[in-house]
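Novice: Before we start, here is the structure in question, set down as structure tokens.
The values are calculated or read from the model by the stated rules, or taken from the named source; none is laboratory data. Note that this is a predicted model, so its numbers are computed, not measured. Backbone-built Cβ (ideal geometry, glycine too); neighbour counts: all protein chains shown. Accessible surface is based on the protein model in full, side chains and every heavy atom, while ligands, DNA and RNA are left aside. Shrake-Rupley method; radii C 1.70, N 1.55, O 1.52, S 1.80 Å.
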Amino acid sequence: MDRVVPQDAARLLRDARRVVVFTGAGMSAESGVPTFRDDLTGLWARFDAQQLATAEAFHADPDLVWGWYEWRRSRVRRAAPNPGHLAVAAIQARVPQATVVTQNVDDLHERAGTRAPIHLHGSLFAPRCVAAAAHPASFPDAEDGDAPEPGEGRRIPPPRCVSCRALVRPGVVWFGEALPEAALTAAVDAAAGCDVLLTVGTSGVVYPAAEVPRIAARSGAAVIQVNPVPTPLDRVAAVNLRGTAAEVLPALVASAFEATEAS
Ligand code: BJW
């Protein structure tokens, strides 16, 4: 990677009044949270999405699916935000109208200090029951004592909703499911009204989330992409920064904001 952040990206960020930061799994990769589609390390290289990330899969084998999500939740709980997450929170602190839109189901943006990130694909930490009037639900934590310790292939029966006794499911958006309407509307509105959209660590292939940077570009915003490899979003990006989130974002923030403050 070119270690010097291109000046035009820093200038675009410095001059923007409204910024959207749109993140995907690569944002958390350097925290030790696996991506989905990276060739060797991605989750979909080792696990079958159809057997784990659909409502049909949960219906067919709830213990398998709940156990897999508990394993992933335990990994995220042990992970810490990386310098990229901290840089995103710093952007929000410098730019009055900065919105963070994430496809990630971890809570690393929140733990880095980002205010109110919009979660398009739900959260590992907000389970709900499967009933039509889905209630939020609580679930046993490892430190509760009697909860089984999650392991990679461990089957764990999901708890039952305390209100209606229906099964509790992970509060994430599976393939074929609608995204949370309020979150999607807020993301689209922010993208349509921003000056700069910074897309970080996403392959840009999962819809409708992948429309968010494209909407920004069509609305006249400059799209800056941070990713170590080319993606379909290269074509909509005004600037492509080839590198990782934890390397590029702190350098971009320093170049955009700290140089001006010192002068
Ligand atoms: C780094 C890095 C480092 C590595 N630093 N970068 C239009 C066309 C075709 C298909 C469809 C379409 N519209 C809808 C569909 C179907 C489907 C879809 O998009 N399929 C495509 C895959 C073909 N979409 C859906 O089913 C959606 N629902 C829907 O459309 O509903 C319609 C409906 C309407 C009304 C009523 C009912 C239904 C739902 C999609 C849900 C996605 N869910 C998942 C799982 C979430 C739960 C879980 O975590 O288990 O969300 S799938 C997975 O992909 C996850 C992610 O959020 C999402 C996006 O992945 P992401 O974040 O981009 O990760 P990767 O791995 O793909 O990329 C990582 C990138 O990081 C790479 O580029 C690396 O290079 C980079 N990287 N290290 C920076 N250190």
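Novice: Let me know the charge dipole size of the chain about its Cα centre in debye, to the nearest 20, where only the beta-carbon of Lys, Arg (+1) and Asp, Glu (-1) is charged.
Specialist: 340
Novice: I need the P(r) histogram for the stretch 24-110: all alpha carbon pairs, bin width 5 Å from 0 out to the longest distance, whole percents.
Specialist: Per 5 Å bin, starting at 0, the Cα pair percentages come out as 3, 13, 20, 21, 17, 12, 7, 5, 2, 0.
Novice: Whole-Hz ³J(HN,Hα) for each residue in the stretch 123-129, computed from phi via Karplus 6.51 cos²θ - 1.76 cosθ + 1.60 with θ = phi - 60°, x for glycine and proline: what do you get?
Specialist: After applying 6.51 cos²θ - 1.76 cosθ + 1.60, I find 8, 5, 10, 9, x, 9, 7 Hz.
Novice: What does the helix-only formula give at 222 nm for the chain: each DSSP H stretch with n ≥ 4 adding -39500 (n - 2.57), the total divided by the residues, and the result rounded to the nearest 500 deg cm²/dmol?
Specialist: -9500 deg cm²/dmol, from helical runs alone.
Novice: Scan around Gln97 for amide H atoms under 5 Å from its own, H built in the peptide plane at 1.01 Å from N, and keep only partners 5 or more places away or cross-chain.
Specialist: Val19
Novice: Next question, about the same structure. Just to be sure I understand the model, the point goes 7 Å from the Cα along the line to the Cβ. What's the resulting Ala192 to His135 distance in nm?
Specialist: My value for the distance between the label points is 3.7 nm.
Novice: Report, largest value first, the span of the C-alpha coordinates of the stretch 41-176 along each principal axis, in whole Å.
Specialist: Reported extents, whole Å, longest axis first: 47, 35, 35.
Novice: With all protein chains present, how much of the accessible area of the chain (probe radius 1.4 Å) comes from carbon and sulfur, to the nearest whole percent? Walk me through the numbers before you get to the answer.
Specialist: Details: 6470 of 12080 Å².
On the chain, the fraction of accessible area on carbon and sulfur atoms equals 54 percent.
Novice: Ok, one more. When the convex hull of the Cα atoms of the chain is projected onto a plane and the area is averaged over all directions, what value comes out in nm²?
Specialist: About 14.2 nm², averaged over all directions.
Novice: Now for a different question. Using alpha carbons only, what's the Rg to Rh ratio of the stretch 1-70 with Rh from Kirkwood?
Specialist: Answer for the stretch 1-70: 1.20.
Novice: Now for a different question. Test of the criteria: in the stretch 31-122, which GluC sites (Glu not before Pro) are in a DSSP loop and have at most 14 other Cβ atoms within 10 angstrom of their Cβ?
Specialist: Passing sites in the stretch 31-122 do not exist.
Novice: Apply the Karplus curve 6.51 cos²θ - 1.76 cosθ + 1.60, θ = phi - 60°, to the phi angles in the stretch 156-163 and return the couplings in whole Hz, x for Gly and Pro.
Specialist: Working through the residues one at a time gives 9, x, x, x, 9, 4, 5, 7 Hz.
Novice: Moving on to the next point. Calculate, for the chain, the solvent-accessible area per residue in square angstrom, rolling a 1.4 angstrom probe over the heavy atoms of the protein chains.
Specialist: The answer is 46 Å² per residue.
Novice: Give me D for the stretch 156-213 in µm² s⁻¹, whole number, from Stokes-Einstein with Rh from the Kirkwood sum over alpha-carbon pairs, 10 °C and 1.306 mPa s.
Specialist: Stokes-Einstein gives a translational diffusion coefficient of 112 µm²/s.
Novice: Return the unpartnered cysteines for the chain, using a Cβ-Cβ cut-off of under 4.7 Å.
Specialist: So far as the 4.7 Å Cβ criterion goes, Cys164, Cys194 stand without a partner in the chain.
Novice: Need the C-alpha centroid separation for the stretch 29-98 versus the stretch 168-234, integer Å.
Specialist: 16
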